Amino acid sequence: MANYSHDRIVPFKDSELGKKQQIAEMFDKIAFRYDFLNRFLSGGVDIFWRKRAIRQLRGLPVDAEILDVATGTGDMAVLLARYLPKVRITGVDISEGMLQVGRQKLAKMKLESRITLQPGDSEALPFPDDHFDAITVAFGARNFENLENGLREMRRVLKPGGKLVVLEFSQPRIPVVCQLYRIYMRRIAPRIAGIAASNRDAYQYLNDSVQAFPEGGRLIGILETCGYARTGLRRLSLGICSVYTGEKVINRN
């Protein structure tokens, strides 16, 4: 199983904990401010990105079952419920703090009957084979301790013909945009997060993990290595964010 440089990027460099444990601890600490910081630091554009990712799921059965991996506070799950009004969504995350905030959100929106949030590790999903019609991961693939393990595990629980949609930060290709983006990610976002959530490490990790993540054609190649077919890539907002897709093909042998 291949190991990628981003797999070794961790939030707390002096900690002896593994990446999964550090990620869970980091998100537990910032859960109370996570939604606010997402909207503020992206100027609300993250909602547009999520909607564009959901477009890739057109054509699902009306009563489809969707799994949202690294669901956090349930932002993606809520939008899935809004734009695909009869599907049922299960969201999993390794941070109980984020899930608690998400459950409070669902209660206010009266969405508990359609969305279930539960603890879950992307590399050891607590579901049977061939279970979900589609799987989404929004800004969570960077946090996998082993990217290939997570991708293969998600393919396992997809039904034959099911679709994976991964939404993740990427590197802009236009030089001026790329330079401005890097300044923002390296200097501005961590400082704002440090003031608003008293946790600069979390947003320094965001920059470090984005820089190391195998985005673009490299990620498409990894998806294919992990058994996905009919893969696709769509860049958004001048390449700041990308949507990746892949399918679990039906084996007729």
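The values are calculated or read from the model by the stated rules, or taken from the named source; none is laboratory data. Only a predicted model underlies this, so the values are computations on that prediction, with no experimental measurement involved. Virtual Cβ from ideal backbone geometry, glycine too; neighbours counted across all protein chains shown.
See the values below:
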quantity	calculated
Inter-residue pairs, beta-carbon under 9 Å, first within 19 Å of Ala124 (Cα to Cα) and in the stretch 83-107, second basic (Lys, Arg) and outside any loop (DSSP other than H, G, I, E, B), 6+ apart	Ile94/Lys20
Whichever residue in the stretch 148-195 is at pLDDT 95 or above and among the hydrophobic types (A, V, I, L, M, F, W, C) and, among such residues, is surrounded by the most Cβ atoms within 10 Å (Cβ to Cβ)	Met154
Hits in the stretch 104-129 - residues which are in contact with a Gly (Cβ under 8 Å, 6 or more places away or on another chain) and either assigned to a strand (DSSP E or B) or surrounded by fewer than 21 Cβ atoms within 10 Å (Cβ to Cβ) (or both)	Lys105, Ile115, Thr116, Leu117, Gln118, Glu123, Pro126
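Every residue, every condition in (1) among the acidic types (Asp, Glu); (2) touching a residue at least 40 places away in the same chain (Cβ under 8 Å); (3) surrounded by 19 or more Cβ atoms within 10 Å (Cβ to Cβ); (4) assigned to a helix (DSSP H, G or I), yes or no:
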| site | (1), (2), (3), (4) |
| --- | --- |
| Tyr34 | no, yes, yes, yes |
| Trp49 | no, yes, yes, yes |
| Arg52 | no, yes, no, yes |
| Val62 | no, no, no, no |
